[in-house]
Amino acid sequence: MTPWNSGYRRDLENLPRLRAKSKPVACAVLAGAPDEIDCRGWLNIENQGSANSCAGHMLSSVLEYCNWVDTKGGVVQLSRMFAYLNGQKHAGLYGSDQGCTIGGVCEGAKADGICQEETFPYPGRYDSDIPKAAYDEAKEHKLRSYTMLTNYDDVFAYLAAGLGAVCCGVPWLESLSEAGGVIDGLHGRMYGWHAVPLIGYSKRLSDAGNHYVWMANSHGRQWGSGGWAEVAPIVVETWGFNGCVMLGCSDLEEYGDGRPLSWKGALSG
(Lines give C-alpha, C1' and ligand atoms only; values in the text may rest on other atoms or scores of the structure.)
Protein backbone atom coordinates (compact mmCIF):
# COMPACT_ATOMS: atom_id res chain seq x y z
CA MET A 1 0.00 0.00 0.00
CA THR A 2 1.42 3.39 -0.88
CA PRO A 3 1.50 6.05 1.86
CA TRP A 4 -0.40 8.39 -0.47
CA ASN A 5 -3.61 6.46 -0.10
CA SER A 6 -3.57 5.44 3.54
CA GLY A 7 -4.19 9.02 4.64
CA TYR A 8 -7.97 8.92 4.94
CA ARG A 9 -8.92 7.16 8.18
CA ARG A 10 -12.29 5.72 7.19
CA ASP A 11 -11.93 3.24 10.04
CA LEU A 12 -12.15 6.08 12.59
CA GLU A 13 -14.91 8.14 10.96
CA ASN A 14 -17.66 8.95 13.48
CA LEU A 15 -20.71 8.73 11.22
CA PRO A 16 -23.34 9.28 13.93
CA ARG A 17 -21.57 12.48 14.98
CA LEU A 18 -21.35 13.69 11.38
CA ARG A 19 -25.06 13.09 10.88
CA ALA A 20 -25.90 14.87 14.14
CA LYS A 21 -23.77 17.89 13.22
CA SER A 22 -24.94 17.99 9.61
CA LYS A 23 -27.01 21.00 8.58
CA PRO A 24 -30.11 19.89 6.66
CA VAL A 25 -30.24 21.53 3.24
CA ALA A 26 -33.01 21.09 0.73
CA CYS A 27 -31.56 22.06 -2.61
CA ALA A 28 -33.11 21.47 -5.99
CA VAL A 29 -31.50 21.97 -9.38
CA LEU A 30 -32.97 25.18 -10.72
CA ALA A 31 -33.80 25.77 -14.35
CA GLY A 32 -31.11 28.45 -14.46
CA ALA A 33 -28.29 26.21 -13.24
CA PRO A 34 -25.10 26.66 -15.29
CA ASP A 35 -24.18 24.16 -18.00
CA GLU A 36 -20.89 23.57 -16.19
CA ILE A 37 -18.81 24.74 -13.24
CA ASP A 38 -15.16 24.38 -14.18
CA CYS A 39 -12.53 25.71 -11.77
CA ARG A 40 -9.45 24.29 -13.45
CA GLY A 41 -8.34 27.74 -14.55
CA TRP A 42 -7.69 28.99 -11.04
CA LEU A 43 -7.73 26.19 -8.44
CA ASN A 44 -4.24 24.80 -7.89
CA ILE A 45 -3.45 21.11 -8.04
CA GLU A 46 -0.94 20.09 -5.40
CA ASN A 47 1.04 16.99 -4.45
CA GLN A 48 0.90 15.68 -0.90
CA GLY A 49 4.17 13.83 -1.47
CA SER A 50 5.01 11.18 1.12
CA ALA A 51 2.77 12.60 3.87
CA ASN A 52 -0.65 11.08 4.63
CA SER A 53 -2.25 14.51 4.37
CA CYS A 54 -4.89 13.93 1.68
CA ALA A 55 -7.70 15.10 4.01
CA GLY A 56 -5.94 18.41 4.54
CA HIS A 57 -5.38 18.88 0.82
CA MET A 58 -9.02 18.01 0.15
CA LEU A 59 -10.34 20.47 2.71
CA SER A 60 -8.12 23.36 1.63
CA SER A 61 -9.32 22.96 -1.97
CA VAL A 62 -12.96 22.77 -0.90
CA LEU A 63 -12.63 25.90 1.24
CA GLU A 64 -10.79 27.75 -1.53
CA TYR A 65 -13.85 27.09 -3.65
CA CYS A 66 -16.16 28.23 -0.85
CA ASN A 67 -14.15 31.44 -0.60
CA TRP A 68 -14.41 31.91 -4.36
CA VAL A 69 -18.20 31.51 -4.16
CA ASP A 70 -18.63 33.79 -1.15
CA THR A 71 -16.46 36.58 -2.60
CA LYS A 72 -17.72 36.09 -6.17
CA GLY A 73 -14.27 35.43 -7.53
CA GLY A 74 -11.63 35.95 -4.84
CA VAL A 75 -8.84 33.38 -5.11
CA VAL A 76 -6.71 32.44 -2.11
CA GLN A 77 -4.34 29.59 -1.35
CA LEU A 78 -5.24 28.00 1.99
CA SER A 79 -2.92 26.00 4.21
CA ARG A 80 -3.00 22.27 3.55
CA MET A 81 -0.86 21.46 6.57
CA PHE A 82 -2.96 23.54 8.95
CA ALA A 83 -6.10 21.78 7.70
CA TYR A 84 -4.43 18.38 8.21
CA LEU A 85 -2.87 18.95 11.63
CA ASN A 86 -5.81 20.83 13.11
CA GLY A 87 -8.10 18.10 11.81
CA GLN A 88 -5.90 15.50 13.47
CA LYS A 89 -6.33 17.32 16.79
CA HIS A 90 -10.09 17.09 16.49
CA ALA A 91 -9.91 13.44 15.43
CA GLY A 92 -7.54 12.43 18.23
CA LEU A 93 -4.73 11.59 15.79
CA TYR A 94 -2.33 14.49 16.33
CA GLY A 95 1.35 13.79 16.81
CA SER A 96 2.25 11.39 14.01
CA ASP A 97 1.60 11.08 10.30
CA GLN A 98 -1.31 8.64 10.61
CA GLY A 99 -3.85 10.43 8.41
CA CYS A 100 -7.15 11.99 9.39
CA THR A 101 -10.91 11.66 9.06
CA ILE A 102 -13.19 13.92 7.03
CA GLY A 103 -15.08 14.67 10.22
CA GLY A 104 -11.83 15.73 11.88
CA VAL A 105 -10.80 18.27 9.26
CA CYS A 106 -14.32 19.67 8.87
CA GLU A 107 -14.91 19.92 12.62
CA GLY A 108 -11.49 21.56 12.90
CA ALA A 109 -12.43 24.15 10.28
CA LYS A 110 -15.70 24.89 12.07
CA ALA A 111 -14.04 25.30 15.46
CA ASP A 112 -10.73 26.92 14.53
CA GLY A 113 -10.98 28.04 10.88
CA ILE A 114 -8.19 27.89 8.32
CA CYS A 115 -5.20 30.12 7.55
CA GLN A 116 -3.52 30.92 4.27
CA GLU A 117 -0.71 28.85 2.80
CA GLU A 118 1.77 31.71 3.13
CA THR A 119 1.12 31.81 6.89
CA PHE A 120 1.78 28.07 7.30
CA PRO A 121 3.44 26.66 4.15
CA TYR A 122 3.31 22.96 3.33
CA PRO A 123 6.68 21.45 4.31
CA GLY A 124 6.36 18.32 2.16
CA ARG A 125 6.67 16.11 5.24
CA TYR A 126 4.92 15.68 8.57
CA ASP A 127 5.57 18.61 10.93
CA SER A 128 3.38 18.90 14.03
CA ASP A 129 4.50 22.40 14.98
CA ILE A 130 1.56 24.73 14.21
CA PRO A 131 2.61 28.40 14.39
CA LYS A 132 0.58 30.67 16.68
CA ALA A 133 0.17 33.08 13.77
CA ALA A 134 -1.68 30.33 11.90
CA TYR A 135 -4.27 29.97 14.65
CA ASP A 136 -4.57 33.74 15.06
CA GLU A 137 -5.38 34.15 11.39
CA ALA A 138 -7.51 31.02 11.08
CA LYS A 139 -9.95 31.98 13.85
CA GLU A 140 -11.30 34.77 11.64
CA HIS A 141 -12.06 32.33 8.81
CA LYS A 142 -14.22 29.48 10.06
CA LEU A 143 -16.40 27.05 8.14
CA ARG A 144 -20.00 27.69 9.16
CA SER A 145 -21.74 24.50 8.05
CA TYR A 146 -21.52 21.13 6.39
CA THR A 147 -24.16 18.77 5.04
CA MET A 148 -24.20 14.99 4.67
CA LEU A 149 -24.95 13.94 1.09
CA THR A 150 -25.92 10.40 0.22
CA ASN A 151 -26.14 9.99 -3.57
CA TYR A 152 -25.37 11.54 -6.94
CA ASP A 153 -28.55 13.64 -7.02
CA ASP A 154 -27.64 15.17 -3.64
CA VAL A 155 -24.11 15.97 -4.80
CA PHE A 156 -25.13 17.46 -8.12
CA ALA A 157 -27.93 19.56 -6.62
CA TYR A 158 -25.52 20.89 -3.98
CA LEU A 159 -22.94 21.84 -6.61
CA ALA A 160 -25.43 23.25 -9.11
CA ALA A 161 -27.09 25.40 -6.46
CA GLY A 162 -23.76 27.11 -5.83
CA LEU A 163 -23.71 26.18 -2.15
CA GLY A 164 -20.13 24.95 -2.05
CA ALA A 165 -18.04 21.86 -2.77
CA VAL A 166 -17.91 18.31 -1.44
CA CYS A 167 -15.39 16.48 0.75
CA CYS A 168 -15.40 12.82 -0.27
CA GLY A 169 -13.70 9.73 1.19
CA VAL A 170 -13.34 6.83 -1.24
CA PRO A 171 -11.66 3.45 -1.58
CA TRP A 172 -8.69 4.10 -3.87
CA LEU A 173 -8.95 1.41 -6.50
CA GLU A 174 -6.72 0.53 -9.40
CA SER A 175 -9.16 2.18 -11.82
CA LEU A 176 -8.74 5.48 -9.93
CA SER A 177 -5.00 5.22 -9.43
CA GLU A 178 -4.46 4.68 -13.16
CA ALA A 179 -7.24 6.99 -14.35
CA GLY A 180 -6.95 9.30 -17.29
CA GLY A 181 -9.16 12.35 -17.45
CA VAL A 182 -12.44 10.42 -17.22
CA ILE A 183 -13.55 7.88 -14.58
CA ASP A 184 -16.40 5.70 -15.83
CA GLY A 185 -16.14 2.77 -13.44
CA LEU A 186 -14.69 1.29 -10.27
CA HIS A 187 -12.63 -1.89 -10.46
CA GLY A 188 -9.31 -3.50 -9.66
CA ARG A 189 -7.09 -3.76 -6.63
CA MET A 190 -7.73 -1.51 -3.62
CA TYR A 191 -4.72 0.48 -2.37
CA GLY A 192 -6.35 2.07 0.69
CA TRP A 193 -8.67 4.99 1.45
CA HIS A 194 -8.25 8.45 0.00
CA ALA A 195 -9.85 11.87 0.56
CA VAL A 196 -10.69 13.94 -2.53
CA PRO A 197 -12.71 17.08 -3.29
CA LEU A 198 -15.62 17.15 -5.74
CA ILE A 199 -15.69 20.66 -7.15
CA GLY A 200 -18.12 21.59 -9.91
CA TYR A 201 -19.25 19.54 -12.87
CA SER A 202 -18.51 19.31 -16.59
CA LYS A 203 -20.54 19.42 -19.80
CA ARG A 204 -19.98 15.71 -20.27
CA LEU A 205 -23.26 13.84 -19.83
CA SER A 206 -24.12 10.23 -19.06
CA ASP A 207 -26.55 8.29 -21.25
CA ALA A 208 -29.27 9.41 -18.83
CA GLY A 209 -28.35 13.06 -19.34
CA ASN A 210 -26.61 13.61 -15.99
CA HIS A 211 -23.45 15.68 -15.65
CA TYR A 212 -20.07 14.21 -14.79
CA VAL A 213 -18.55 15.73 -11.63
CA TRP A 214 -15.09 17.28 -11.47
CA MET A 215 -12.73 15.66 -8.99
CA ALA A 216 -9.36 17.18 -8.05
CA ASN A 217 -6.59 15.02 -6.62
CA SER A 218 -3.55 15.64 -4.42
CA HIS A 219 -1.19 13.35 -6.36
CA GLY A 220 0.11 16.16 -8.53
CA ARG A 221 -0.53 17.12 -12.14
CA GLN A 222 0.76 13.81 -13.46
CA TRP A 223 -2.45 12.13 -12.27
CA GLY A 224 -5.55 12.16 -14.46
CA SER A 225 -5.70 15.18 -16.76
CA GLY A 226 -3.47 17.72 -15.08
CA GLY A 227 -4.61 16.46 -11.67
CA TRP A 228 -8.33 16.51 -12.53
CA ALA A 229 -10.83 13.92 -13.70
CA GLU A 230 -14.46 13.88 -14.74
CA VAL A 231 -16.31 11.32 -12.59
CA ALA A 232 -19.33 9.51 -14.01
CA PRO A 233 -22.65 9.84 -12.15
CA ILE A 234 -22.78 6.06 -11.63
CA VAL A 235 -19.44 6.21 -9.80
CA VAL A 236 -20.67 8.93 -7.42
CA GLU A 237 -23.90 6.95 -6.95
CA THR A 238 -21.89 3.83 -6.11
CA TRP A 239 -19.86 5.72 -3.51
CA GLY A 240 -23.06 6.89 -1.87
CA PHE A 241 -24.67 3.45 -2.01
CA ASN A 242 -21.61 1.93 -0.33
CA GLY A 243 -21.67 4.44 2.51
CA CYS A 244 -18.75 6.62 1.48
CA VAL A 245 -18.69 9.95 3.31
CA MET A 246 -19.70 12.85 1.06
CA LEU A 247 -19.84 16.10 3.01
CA GLY A 248 -20.92 19.32 1.34
CA CYS A 249 -19.17 22.37 2.84
CA SER A 250 -20.47 25.94 2.56
CA ASP A 251 -20.36 29.40 4.10
CA LEU A 252 -16.72 30.09 4.87
CA GLU A 253 -15.92 33.29 6.74
CA GLU A 254 -14.13 34.46 3.66
CA TYR A 255 -10.82 36.04 2.78
CA GLY A 256 -11.76 39.19 0.93
CA ASP A 257 -8.31 40.09 -0.36
CA GLY A 258 -7.86 37.26 -2.83
CA ARG A 259 -6.92 37.77 -6.47
CA PRO A 260 -10.22 38.74 -8.11
CA LEU A 261 -11.60 36.76 -11.02
CA SER A 262 -14.87 37.18 -12.84
CA TRP A 263 -17.66 35.33 -11.02
CA LYS A 264 -18.65 33.94 -14.40
CA GLY A 265 -15.10 32.82 -15.14
CA ALA A 266 -15.85 29.21 -14.18
CA LEU A 267 -19.53 29.18 -15.13
CA SER A 268 -21.24 28.88 -18.46
CA GLY A 269 -24.80 28.56 -19.62
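The values are calculated or read from the model by the stated rules, or taken from the named source; none is laboratory data. This is a predicted model, so every value here is computed, not measured. Don't worry about glycine lacking a Cβ; one is built from the backbone with ideal geometry, like all the others, and counts go over all protein chains shown. Ligands, DNA and RNA are excluded from the accessible area calculation, which covers all protein heavy atoms including side chains. Shrake-Rupley method; radii C 1.70, N 1.55, O 1.52, S 1.80 Å.
Annotations
- Net +/- balance of residues flanking Tyr94 in space, Cβ distance below 14 Å, scoring K and R +1, D and E -1: -3
- Working value for the range 107-155: equivalent-ellipsoid semi-axes of 27, 15, 9 Å, each the square root of 5 times a Cα gyration tensor eigenvalue, largest first.
- Only alpha carbons enter this Debye calculation for the chain, each as an equal point scatterer, and the log10 of I(q)/I(0) it gives at q = 0.07, 0.12, 0.14, 0.17 Å⁻¹ is -0.20, -0.63, -0.89, -1.40.
- Within the shell defined by Cβ-Cβ distances under 14 Å, the residues around Ala55 carry a net charge of -1, with Lys and Arg each +1 and Asp and Glu each -1.
- Each stretch of four or more DSSP H residues adds -39500 (n - 2.57); spread over every residue of the chain, this sum gives -8000 deg cm²/dmol at 222 nm.
- For the range 41-107 versus the range 117-134, the inter-centroid distance based on Cα atoms is 12 Å.
- Residues in the chain average 40 Å² of solvent-accessible surface per residue, probe 1.4 Å, ligands and nucleic acids excluded.
- Counted charge near Val231, where neighbours are those whose Cβ lies closer than 13 Å (Asp, Glu -1; Lys, Arg +1): -2
- Counting Cα-Cα pairs of the range 59-115 in 10 Å increments starting at 0 gives whole-percent bin shares of 27, 49, 20, 4.
- Annotation note: trypsin sites (Lys or Arg not before Pro) in the range 159-206 located in DSSP loop regions with a Cβ neighbour count of at most 12 within 10 Å are Arg189.
- DSSP H segments from the chain that extend 18 Å or more along their own axis, Cα-based, with Kyte-Doolittle mean of 0.0 or above: 54-70
- Diffusion of the range 18-107 by Stokes-Einstein, at 37 °C in a medium of 0.692 mPa s and with Rh set to the Kirkwood radius over alpha-carbon pairs, works out to 221 µm²/s.
- Column: log10 I(q)/I(0), Debye, Cα scatterers of the range 182-257, q = 0.13, 0.19, 0.20 Å⁻¹: -0.47, -0.94, -1.03
- In the chain, lysine pairs closer than 12 Å at Cα, eight or more apart or cross-chain: 4
- Rounded percent of accessible protein surface that carbon and sulfur make up, the chain, 1.4 Å probe: 49 percent
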